[in-house]
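Visitor: Mind having a look at this structure? Questions to follow.
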Amino acid sequence: MLKAFRGQQFEHTHENKVFDELYDVLASHCATTQQEWILFGNFHVGNRELDALVIKPNALIAIDFKNFSGKLEISEDGPWAIENAADGQRVQVKGGASINPRIQLKYNRWALAEFMKNISPQCNWGHIAATVLFHGPIEFDTQQIPGHCKPWLHISDMNGIVRTLEAIVSREICITPKDVQYIVKRLGLPPFVPASIVDTRLLEEPGTTFPNDDKPLTASQKQAVEEFSTWLQNPSGVFRLLGMAS
């Protein structure tokens with residue numbers, strides 16, 4: 001089961017679309033595999049703004065959204081560029097205020113590590129991973145990732161993001177449901193409800209029996225019971241009761 005939390009809506013349309021699509025594919029994957037993952041969106045840790053974060057029982061993965069598609073070329077400390085397959089145009093892929101996403105995610109990982117040290121100091125938060133998620137399909141040679149970055153830096157598009165996240169694990173990270181509750185409380189993030197889903201909340205747990213002697217019936221409730229009782233004596237047609245369910 002996937003649980004999701006998000007701050008305010010993203011400032012840009014493409015970011016909202018990426019987050020919605022990411023939620024859908026992860027929710028489907030978790031439902032199929034019976035795994036419990038947590039997805040955070042659009043929040044701050046320290047002075048760093050993160051697009052998304054996926055928490056698994058044995059992994060923490062920071063995610064940065066990029067609205068590009070095409071053939072990607074990366075550099076450790078220099079600019080990243082992507083060539084659009086349709087028109088051959090090359091554009092630079094920046095990482096916020098940083099020259100490239102690797103540097104941006106490096107600082108995001110540091111901020112997350114400092115935050116998590118106060119929650120679960122026994123874990124090795126140097127094992128926090130990060131993924132650059134491209135909304136459109138990309139072509140990319142993984143050998144371009146510098147060797148010392150490969151343990152934590154991952155690059156994917158939406159078609160491959162589930163497989164990428166599924167593969168990321170660490171024996172030195174253990175996050176409990178209690179840890180997750182504390183993280184949500186510290187970050188102050190409300191639950192995320194996709195626009196296509198109705199947020200339904202039960203008045204009582206299923207199977208609850210309601211006491212019949214707690215409170216007296218109101219006049220309108222008494223009238224409804226009397227009318228229904230009369231109808232039951234000689235039912236015909238449909239008995240319709242209109243009113244608030246409470």
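The values are calculated or read from the model by the stated rules, or taken from the named source; none is laboratory data. Only a predicted model underlies this, so the values are computations on that prediction, with no experimental measurement involved. Heads up, the Cβs are rebuilt from the backbone with ideal geometry, glycines too, and the neighbour counts pull from every protein chain shown. Surface areas here come from the heavy atoms of the whole protein model, side chains and all, with no ligands, DNA or RNA. Shrake-Rupley method; radii C 1.70, N 1.55, O 1.52, S 1.80 Å.
Visitor: Mind listing whichever residues of the range 67-109 are part of a helix (DSSP H, G or I) and either charged (D, E, K, R) or free of Cβ contacts under 8 Å to residues at least 24 places away in the same chain (or both)?
Guide: Within the range 67-109, the subset part of a helix (DSSP H, G or I) is 101-109.
Listed by number, the residues that qualify are R102, K106, R109.
This table checks each residue for (1) open to solvent by 100 Å² or more (accessible area, probe 1.4 Å); (2) assigned to a loop (DSSP other than H, G, I, E, B); (3) modelled with pLDDT of 90 or more.
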{"site": "K150", "(1), (2), (3)": "no, yes, yes"}
{"site": "T164", "(1), (2), (3)": "no, no, yes"}
{"site": "C174", "(1), (2), (3)": "no, yes, yes"}
{"site": "S196", "(1), (2), (3)": "yes, yes, no"}
{"site": "D199", "(1), (2), (3)": "no, yes, no"}
{"site": "S220", "(1), (2), (3)": "no, no, no"}
{"site": "T230", "(1), (2), (3)": "no, no, no"}
{"site": "L242", "(1), (2), (3)": "yes, yes, no"}
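Visitor: Okay, next question. Going through P146, P121, P137 one at a time, which residue ends up being touching a residue at least 12 places away in the same chain (Cβ under 8 Å) and open to solvent by 40 Å² or more (accessible area, probe 1.4 Å)?
Guide: On the way: P146 fails: open to solvent by 40 Å² or more (accessible area, probe 1.4 Å); P121 fails: touching a residue at least 12 places away in the same chain (Cβ under 8 Å).
Unique residue meeting the criteria: P137.
Visitor: A111: aliphatic (A, V, I, L, M) and over 22 Å from the mean Cα position of the chain (by Cα), yes or no? Step through it out loud before you land on a result.
Guide: Numbers: aliphatic (A, V, I, L, M): yes; over 22 Å from the mean Cα position of the chain (by Cα): no.
It is false that A111 is aliphatic (A, V, I, L, M) and over 22 Å from the mean Cα position of the chain (by Cα).
Visitor: Take V25 and tell me if it is within 18 Å of S156 (Cβ to Cβ), among the β-branched types (V, I, T) and in contact with a helix residue (DSSP H, G or I) (Cβ under 6 Å, 6 or more places away or on another chain).
Guide: On the way: within 18 Å of S156 (Cβ to Cβ): yes; among the β-branched types (V, I, T): yes; in contact with a helix residue (DSSP H, G or I) (Cβ under 6 Å, 6 or more places away or on another chain): yes.
Criteria met by V25.
Visitor: Which one of G95, G88, G78 is at positive phi and either open to solvent by 50 Å² or more (accessible area, probe 1.4 Å) or not acidic (D, E) (or both)? Walk me through how you get there before you give the answer.
Guide: Values: G95 fails: at positive phi; G78 fails: at positive phi.
After applying the criteria, what remains is G88.
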